[in-house]
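Written below as C-alpha cells is the structure these notes are about.
The values are calculated or read from the model by the stated rules, or taken from the named source; none is laboratory data. It should be emphasised that the depicted structure is a prediction, and the values quoted were computed from it without experimental measurement. Using ideal geometry, Cβ is built from the backbone for each residue, glycine included, and neighbour counts are taken over all protein chains shown.
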Amino acid sequence: MHKNILAYIYRRLKILFLFLVLFSLSSGLVFAKDFALEKKPLYEYGMGAGGGFLSDYPASDQSHWRGLPFPYFIYRGAIFRADQRKGTRARLIRAEAYELALSGAGSFPANSEENTARNGMPDLDWMGEVGPRLIIELDDGENPWHTFMNLPIRFVFATDLKTLTSQGFTFTPSVVFECYGLLHRDSRLAFEVTFNFSDQTLGKYFYEVETPYVSAVRPAYNARAGYMGTDFQVRFLHPVYDTMRAFTGFNVSYYGGAVNDESPLFRSLWGYDFSVGLIWVIGTSKEMANEE
C-alpha cells in the first residue's frame, strides 16, 4: 500500500475553460456559507494563488506539487452566483429546500513522462466539467452550521489548450457539513464526503491500456464505467486581514471496490491531498446583495 500525499482533486476543469477553471478554484476552494442575517456586497473581486501536493490521477501512486494564480470574483446575484457557499453556478430553479443549478469544476494536467505507470502513454490534459446540479438542503440553515447534499451530473472535457475533446460524464453525489464563525466571524470549516462514478469514456481516459502502450509491466486493459472511489475532505477558510484570506484543505480518497481496480494504471487504494492558498480582496461593490 503506497502512501503519498496525493491528490484526488478528481480531475475537474472546464474551458470556457481556463477561465472557468481558475474561477472554480477561486470560488470552489473558497467554500463557506454566508450568514443569512449579514448583508454582503453584491460582488467582490481580487486575486489569489494556491497550490498543493496532488495526485497525477485517481488511484495513481505518484503525486507532484502543482500551483496556480487565479482571479477571485464573488457575485451574489439572483440567478448567477459565484459565492463562498456553493461555488460558481447559474440557478435555474430555487425553492426553500432545494436548488437546481448549472455548475462547473476542473483539474490540473499530468505529464506521463513523470509518472512511472503511464510512461510512454499520452499526457493527461487539463480537464473540466459542466452540467446540472441539484442541491438539497438538509437543515434550516439558521444555526452556525449547515448541511446540504450535492447531486451533480457533469459532462467532462479535456484540453491541451489547442484542442478540446469530450471525455464522457461524471456523477458525484456528496454530503457537505459546514461550521462557520468557529475561530472568527468569517472563518469557515467544511467536511465533505463524495462518491465518484463515471461513464466508460472517462474510465478509458484514466485506466485504458491500448495495444500500442502495452509493455512487459503494463498489460492491455479494457476500462469500464462505474464506481471510481470515495473522497473525504476537510476545508478551512480564515481571514488574515480585512482584505486577506487564507485557505487550506486536506483530502483522503479510498479506491477500494473501484470498477477499474485491475488496470495496471490503478496503483494505489489510498490517495492523500494537501492544498493551501491566499486570496487578496482588492475591491467590493457599494450595493448590497439581496437575501438568498
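What number goes with the only condition from (1) at positive phi; (2) assigned to a loop (DSSP other than H, G, I, E, B) that residue 260 does not pass?
Checking residue 260 against (1) at positive phi; (2) assigned to a loop (DSSP other than H, G, I, E, B), the one that fails is (1).
Can you tell me which residue in region 146-168 is surrounded by the most Cβ atoms within 10 Å (Cβ to Cβ), limited to those that are in contact with a helix residue (DSSP H, G or I) (Cβ under 9 Å, 6 or more places away or on another chain) and closer than 22 Å to residue 251 by Cβ?
156
Take the residues of region 30-60 that are surrounded by fewer than 21 Cβ atoms within 10 Å (Cβ to Cβ) and outside any strand (DSSP E or B): which is modelled with the highest pLDDT?
The selected residue is 42.
Considering only residues that are more than 16 Å from the chain's Cα centre (by Cα) and among the acidic types (Asp, Glu), look in region 169-193 and name the one that is surrounded by the most Cβ atoms within 10 Å (Cβ to Cβ).
Ranking the qualifying residues of region 169-193, first place goes to 178.
Look at region 97-116 and say how many of its residues are farther than 15 Å from residue 53 by Cα and at pLDDT below 95.
Total meeting the criteria: 10.
Could you check region 134-181 for strands (runs of 3 or more DSSP E) lying wholly inside it with 2 or more residues that are more than 30 Å from residue 111 (Cα to Cα)?
The strands (runs of 3 or more DSSP E) meeting that bar are 145-159, 174-180.
Scan region 79-92 and give yes if some residue there is assigned to a strand (DSSP E or B), charged (D, E, K, R) and at pLDDT 60 or above, otherwise no.
no
Being assigned to a loop (DSSP other than H, G, I, E, B) and either surrounded by fewer than 18 Cβ atoms within 10 Å (Cβ to Cβ) or out of contact with any Asp or Glu (no Cβ under 6 Å at 6 or more places or on another chain) (or both) is the filter here, so list the residues in region 211-248 that pass it.
Passing the criteria: 214, 216, 217, 219, 220, 222, 224, 225, 242, 243.
Tell me, which residue of region 249-285 that is of a type in the set (Ser, Thr, Tyr) and surrounded by 17 or more Cβ atoms within 10 Å (Cβ to Cβ) is nearest to residue 217 (Cα to Cα)?
263
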